[in-house]
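So the structure is just underneath, and the comments pick up after that.
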Amino acid sequence: MGVQTVHYYGSARLSRYLAICGMLAPLAAITCVLAGASVTPGYDHIRNTISELSAVGAPHPVWMNAGFISYGILMISLSFAVRQCLAPRSGTTIVWLMVVIHGVGVILAAVFPYNAAITEGIHSLEDIIHHLVSIIGCVAFIIAMLVMARMVSAEPAWRTVTRLSFAAIAIVSVLFVLSLIPIFEDVAGLLQKISALAMFIYIEALSIKCFTLSPDR
């Protein structure tokens with residue numbers, strides 16, 4: 001039987017509040033995407049990516065920038081709840097660090113916005129950084145899901161979260177590969193949003209699990 005006892009670095013009540021932050025993260029992101037899209041003329045959820053809502057020259061980038069920053073902060077908060085719930089299992093620090101990197105990466109995506117302009121075949125520095133931090137953030141979260149799944153796969157209490165992690169990883173990986181194929185360029189936005197939804201469902205399940213494992217005291 002796997003480890004079932006939950007250890008805490010700090011207050012159990014604080015852990016519940018941090019878990020709630022995780023529940024709010026996807027909602028904040030989705031709200032800002034919908035709000036930003038509603039005030040961006042010509043924006044197509046199927047064709048256009050999320051980053052285009054905060055791109056250089058976008059009419060109202062503040063909405064998506066707020067989404068990136070709020071999501072990142074809420075995910076960093078969740079990382080501490082996850083660390084408290086997973087300790088003292090081996091790999092806890094890796095999971096915590098990867099979730100933090102994910103949150104920081106999303107915040108930096110707002111600091112360095114997407115820029116479609118290309119001068120003499122060269123992308124702008126901020127555009128390169130935007131894509132780099134976005135990829136690093138996504139890969140970091142996939143690593144967090146993989147490591148966590150290995151840590152708790154034998155524990156019945158974590159079975160649903162583990163299954164969702166494998167499903168999310170499979171969906172994100174397949175859709176990322178498809179997004180690199182030119183014939184799928186016209187549905188790039190849809191592929192990205194399906195990937196995000198898969199991760200959001202996992203984040204909600206993880207947050208709820210951390211919340212329920214934190215005794216109310």
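All of the numbers you see were taken from the coordinates with simple rules; none came from a lab. Note that the structure is predicted; figures quoted are calculated from it, not measured. Using ideal geometry, Cβ is built from the backbone for each residue, glycine included, and neighbour counts are taken over all protein chains shown.
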* Structure fact -> When the chain is treated as a Gaussian network with springs between alpha carbons less than 10 Å apart, the largest mean-square fluctuation among Gly91, Gly189, Gly42 is found at Gly42
* Structure fact -> Asserting the computed 222 nm helical MRE of the chain (DSSP H runs at least 4 long, -39500 (n - 2.57) per run, divided by residue count, to nearest 500) equals -24000 deg cm²/dmol
* So if R0 is 30 Å, what FRET efficiency would Val56 and Arg13 give, r being the distance between their Cβ atoms, rounded to the nearest 0.05? -> 0.10
* Over every pair of different alpha-carbon atoms in the chain, take the mean of 1/r and invert it; report that Kirkwood radius in Å. => 17.9 Å
